[in-house]
Amino acid sequence: MGKQFAVIGLGRFGSNVCKELYQLGHEVLAIDANENIVDRLKHHSSHAVVANATDEAILKSLGLRNFDYAIIAIGEHIQPSILCTLILKEMGIKQVWVKAQNTQHHKVLEKIGADRIIQPEKEMGMRIAHQLDSEKIIDYIELSKEYSIVEVVATAKISNRTLVEVDVRKRFGCTVLAVKRDEQVNISPLPNDFIYEGDILVVMGHKNDIKRFENKGM
Ligand code: ADP
């Protein structure tokens, strides 16, 4: 069964979250204070409503407490975003995800109990920088300040060798989570599985260890 989502603030970020969730078959309530913006989302959401997201009575009347998730993307306006987060957490919505504009905004949201805080420009900027940093890295996800998951392209140096021969875990302390080859994804690679040049390895580990593997191991 699809989940119920409320997307509040339909700028570039919110509107894309809304459209994609709706496309994925979920029930999506789209909310924005601007009528023209709401109009544009009418055919890309289950319901699109003009409302001020800092008005507790209106949020209650929209039945928001029954939603599984709320995504607050009132980007530029920090105060209403904070107020709306407070109201929705008080109403008991389990998952309130909020887009933060900057570090201070991020800190306040953390304090008032936002379940996930997103800084799209910062997160995407970092991912792109890692892809630019190395031709071998094609994607990068930060797990914490120290750990990450990267997708690296296998070079000729490790081609035709098994995972146990390359020995990423012992030599570099990293784990190969999956191996992608053309459209196939091997999600539980075995020690004796072969790696070929051009394969994409999904590697998890400490950032320094991943860097060592990338520079010295392949
Ligand atoms: P982005 O950076 O993702 O494009 P914007 O900051 O441009 O985000 O857009 C935020 C949206 O939030 C706008 O469409 C604006 O109308 C809406 N918004 C701002 N304040 C409120 C509010 N109090 N209630 C509902 N929607 C709001």
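Scan segment 96-106 for residues that are away from the ligand (no atom under 16 Å from the Cβ) and touching a strand residue (DSSP E or B) at 6+ places or on another chain (Cβ under 9 Å) and jot them down.
Across segment 96-106, there are no qualifying residues.
Just one of (1) surrounded by 15 or more Cβ atoms within 10 Å (Cβ to Cβ); (2) in the same structural domain as Ile71 (by TED's automatic domain parsing) trips up Lys111, so point out which.
(1)
Out of Gln131, Gln119, I need the residue that is within 13 Å of the ligand (Cβ to nearest atom), under 27 Å from Tyr147 (Cα atoms) and without any contact (Cβ under 8 Å) to a residue 24 or more places away in the chain. Which one?
Only one candidate qualifies: Gln119.
For segment 68-85, state whether one or more residues are buried (at least 17 other Cβ atoms within 10 Å of the Cβ), β-branched (Val, Ile, Thr) and touching a Pro at 6+ places or on another chain (Cβ under 6 Å).
Looking through segment 68-85, at least one residue is buried (at least 17 other Cβ atoms within 10 Å of the Cβ), β-branched (Val, Ile, Thr) and touching a Pro at 6+ places or on another chain (Cβ under 6 Å).
In segment 149-206, how many are more than 24 Å from Leu132 (Cβ to Cβ), outside any strand (DSSP E or B) and of a type in the set (S, T, N, Q)?
Residues meeting the conditions: 4.
One line per residue, one yes/no per condition, for (1) among the charged types (D, E, K, R); (2) modelled with pLDDT of 95 or more; (3) touching a Lys or Arg at 6+ places or on another chain (Cβ under 9 Å):
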residue	(1), (2), (3)
Lys42	yes, yes, no
Val50	no, yes, no
Ser61	no, yes, no
Asn66	no, no, no
Tyr69	no, yes, yes
Leu88	no, yes, yes
Val96	no, yes, yes
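State yes or no: is Ile117 at pLDDT 95 or above and either under 19 Å from the mean Cα position of the chain (by Cα) or more than 29 Å from Lys180 (Cα to Cα) (or both)?
On the way: at pLDDT 95 or above: yes; either under 19 Å from the mean Cα position of the chain (by Cα) or more than 29 Å from Lys180 (Cα to Cα) (or both): yes.
For Ile117, the condition - at pLDDT 95 or above and either under 19 Å from the mean Cα position of the chain (by Cα) or more than 29 Å from Lys180 (Cα to Cα) (or both) - is met.
Yes or no: segment 196-206 includes at least one residue that is without any contact (Cβ under 8 Å) to a residue 40 or more places away in the chain, out of contact with any Asp or Glu (no Cβ under 9 Å at 6 or more places or on another chain) and at negative phi.
No, there is no match, as no residue in segment 196-206 is without any contact (Cβ under 8 Å) to a residue 40 or more places away in the chain, out of contact with any Asp or Glu (no Cβ under 9 Å at 6 or more places or on another chain) and at negative phi.
The values are calculated or read from the model by the stated rules, or taken from the named source; none is laboratory data. In this text the structure is predicted, and so the values were computed from the model without any measurement. With ideal geometry, Cβ positions are generated from the backbone for all residues, glycine too; neighbour counts draw on all protein chains shown.
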